[in-house]
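Worksheet: the structure to be examined is printed underneath.
The values are calculated or read from the model by the stated rules, or taken from the named source; none is laboratory data. All values derive from a computational prediction rather than experimental measurement. All Cβ positions, even for glycine, are placed from backbone atoms using ideal geometry, and neighbour counts span all protein chains on display. The area values use the complete protein model at the heavy-atom level, side chains included, leaving out ligands, DNA and RNA. Shrake-Rupley method; radii C 1.70, N 1.55, O 1.52, S 1.80 Å.
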Amino acid sequence: MTTERIIRIMAGFFILLSLALGFDGSPIFVSKWFLAFTAFVGFNLLQSGFTGFCPPEKLLTKLGVKKGSGGSCCG
């Protein structure tokens, strides 16, 4: 698996989990503050699209995961 695929999976998982934990109607609702994490993940994806810098990609590369054919986060 490449860094690109892992990052896409991580981002999707974190967004869905934080929405489930932060949405009032969810059976696993904890606090509306979890929606801030959704915004953080979205902001990270946005900035990585403009700058090409993706912290999770750097970490995964140091852990020995091979890079994909695309660029940085979901790029």
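Two decimals is fine: what is log10 I(q)/I(0) at q = 0.19, 0.23 Å⁻¹ for the chain, from a Debye sum with one equal scatterer on every Cα and no solvent? For the chain, the Cα-only Debye profile gives -0.76, -0.94.
Accessible area per residue for the chain, computed on protein heavy atoms with a 1.4 Å probe, is 68 Å². Spacing of the modelled spin labels on Met10 and Leu63, each 7 Å from Cα toward Cβ, amounts to 0.6 nm.
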